[in-house]
1. Looking at region 80-88, is at least one residue within 16 Å of ligand 1 (Cβ to nearest atom) and at pLDDT below 95?
2. Return the residues of region 58-107 that are touching a Lys or Arg at 6+ places or on another chain (Cβ under 8 Å) and part of a strand (DSSP E or B); say none if nothing qualifies.
3. Among Ala256, Ala208, which is the only one that is small (Gly, Ala, Ser), surrounded by 21 or more Cβ atoms within 10 Å (Cβ to Cβ), closer than 27 Å to Asp44 by Cβ and in contact with a helix residue (DSSP H, G or I) (Cβ under 8 Å, 6 or more places away or on another chain)?
4. Would you point out the residue of region 225-258, among those that are touching a Phe, Trp or Tyr at 6+ places or on another chain (Cβ under 9 Å) and within 14 Å of ligand 1 (Cβ to nearest atom), that is modelled with the lowest pLDDT?
5. Would you confirm whether or not region 134-157 contains a residue that is within 16 Å of ligand 1 (Cβ to nearest atom), within 30 Å of Leu230 (Cα to Cα) and touching a residue at least 60 places away in the same chain (Cβ under 8 Å)?
6. Which residue is nearest to ligand 2 (Cβ to nearest atom), if the candidates are limited to region 187-241 and must be small (Gly, Ala, Ser) and closer than 22 Å to Thr67 by Cα?
7. State which residue is farthest from Lys205 (Cα to Cα) when the search covers only region 124-139 and only residues that are touching a helix residue (DSSP H, G or I) at 6+ places or on another chain (Cβ under 8 Å) and of a type outside the set (Val, Ile, Thr).
Amino acid sequence: MGDSSKSALIFQYSLLAPLLTPLMSTLDIRHLSAGIGDRPILKDFSLSIPKGEVHAIMGPNGTGKSTLAKALAGHEDYTITGGEVFLDGQPLLGLEPDARARLGLFLAFQYPCEIPGVSIANFLRAAVQARLPEGEEVAATAYYKRLHEKMDLLKIDRKFTARSLNEGFSGGERKRCEILQMMMLEPKYAIMDETDSGLDIDALKIVAQGVNLMRGPQLGVLIITHYQRLLDYIVPDVVHVMGDGHIIKSGGKDVALELEARGYDWVSQELAPATKQ
Ligand code: ADP
Ligand code: MG
């Protein structure tokens, strides 16, 4: 290649790079519509979460917050009727849930399910193994060392590793386990659906500490919550308010405080004159 064509390429790249770089490190949800059966729930939902940021979605019950989380994870009950989702530039919606997880998407469920007969240690090991390239094995000693370090951080008793996943766990134990999974899998984007529900204040602080420890330039976080309380401990960069299947207001962390003080009606009232036109 001649010098002039090389410099033309470099010139083109220097023009494109600022446009491409944000796409390459963003979870980009564009005009997503989804529902169950023929019932629409998410309606033209758009949101971009760059790595390094923590976004919170708040909203009344029944507005589609869990639907968003499950549609992103690829839950089979939800039908996508429109829109696109890109993880670091890669289209997500055509992929199976495990392929989405391998790309670095993690979902902490509102209601984690019980898996009798599968111990936490084995489950996590299988999950970590599934993320490795084919032919590579999880080294047992290193794995348990890392597992125990994370468990200590989350104040989870060592004897927990032998118990069946979520079987007979209290609400707080389940949520801590979800955070433990997240710490072991080191996702690029983590979506936490009402991880605070059912937690007492001590468990809430531990969950928040886990997330805060993971916070950094390599991770984008979406916290879905009904209450402001969790956001006292995990301070978000951006707060979105969801109503009727899409975002109706976005702002800084003061939006969450204002919601707590004035209730969700405040947002709908504020929007009413604009939507009537
Ligand atoms: P949120 O998490 O904001 O409370 P959801 O996404 O759970 O809201 O639910 C949005 C709407 O979809 C609600 O009206 C709910 O009743 C309905 N919905 C959710 N899951 C199902 C389901 N499995 N079958 C039928 N309707 C559902
Ligand atoms: Mg929900």
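The values are calculated or read from the model by the stated rules, or taken from the named source; none is laboratory data. If you're wondering where the values come from, they're calculated on a predicted model, not measured in any experiment. Every residue, glycine among them, receives a Cβ derived from its backbone with ideal geometry; neighbour counts consider all protein chains shown.
1. No, region 80-88 has no match at all.
2. Tyr78, Gly83, Glu84, Val85, Phe86, Leu87, Leu105, Leu107 - these are the residues of region 58-107 that are touching a Lys or Arg at 6+ places or on another chain (Cβ under 8 Å) and part of a strand (DSSP E or B).
3. Values: Ala208 fails: closer than 27 Å to Asp44 by Cβ.
Being small (Gly, Ala, Ser), surrounded by 21 or more Cβ atoms within 10 Å (Cβ to Cβ), closer than 27 Å to Asp44 by Cβ and in contact with a helix residue (DSSP H, G or I) (Cβ under 8 Å, 6 or more places away or on another chain) holds for just one of Ala256, Ala208, which is Ala256.
4. The selected residue is Gly243.
5. Within region 134-157, the first condition is being within 16 Å of ligand 1 (Cβ to nearest atom), and the residues that meet it are none.
No - not one qualifying residue is present in region 134-157.
6. Within region 187-241, the first condition is being small (Gly, Ala, Ser), and the residues that meet it are 190, 197-198, 203, 208, 210, 216, 220.
Retained after the next criterion (residues that are closer than 22 Å to Thr67 by Cα): 190, 197-198, 220.
Details: Ala190: 16, Ser197: 9, Gly198: 13, Gly220: 20 Å.
The residue in question is Ser197.
7. As a first pass, look at region 124-139 and keep what is touching a helix residue (DSSP H, G or I) at 6+ places or on another chain (Cβ under 8 Å): 124-125, 127-128, 130-131, 137-138.
Now narrow it down to the ones that are of a type outside the set (Val, Ile, Thr): 124-125, 127, 130-131, 137.
Numbers: Leu124: 23, Arg125: 26, Ala127: 26, Ala130: 30, Arg131: 29, Glu137: 34 Å.
The selected residue is Glu137.
Table: residues versus (1) touching a residue at least 40 places away in the same chain (Cβ under 8 Å); (2) on the phi > 0 side of the Ramachandran plot; (3) not hydroxyl-bearing (Ser, Thr, Tyr).
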site: Thr79; (1), (2), (3): yes, no, no
site: Val85; (1), (2), (3): yes, no, yes
site: Asp88; (1), (2), (3): yes, yes, yes
site: Leu92; (1), (2), (3): no, no, yes
site: Asn122; (1), (2), (3): no, no, yes
site: Arg125; (1), (2), (3): no, no, yes
site: Ala130; (1), (2), (3): no, no, yes
